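Data block below; observations after.
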Amino acid sequence: MNALKEHFEQSVERINNYSDPIPPDTLLRLYALYKRATNNRQEPGSKMPIINAFKLNAMLQLGRISPKKAMKEYVKEAKGLLGD
């Protein structure tokens, strides 16, 4: 496994185990970055349409970044949030 993917997966695990509240805008950005980094092109599947709209908007705001860049951005965002 390459180093970037390893750092990304560690960051995802740390965020998933993080117990403090995460600001909604940061959480949406992390969601969108994760979806792009993992090449998951499925539309959001919440039962609440407004939540799906926010998630889809966050994904669209990323533009056309590559999965590799999304991984790098996710790791950077996670480090900023976790204080690394």
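What follows draws every value from the coordinates through simple rules; no lab data is involved. Remember, predicted model here, so these are calculated numbers, not experimental data. Cβ atoms come from the backbone with ideal geometry, glycine included; neighbour counts cover every protein chain shown.
Tabulated data
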| read-out | value |
| --- | --- |
| Residues of region 4-41 classified as hydroxyl-bearing (Ser, Thr, Tyr) and free of Cβ contacts under 8 Å to residues at least 40 places away in the same chain, total | 3 |
| Any chance Asn57 is surrounded by 11 or more Cβ atoms within 10 Å (Cβ to Cβ) and of a type in the set (S, T, N, Q) | yes |
| Helices (runs of 4 or more DSSP H) wholly inside the chain containing at least 3 residues that are polar (S, T, N, Q) | 3-16, 49-61 |
| Residues located in region 42-83, provided they are among the aromatic types (Phe, Trp, Tyr) and in contact (Cβ under 8 Å) with a residue 40 or more places away in the chain | Tyr74 |
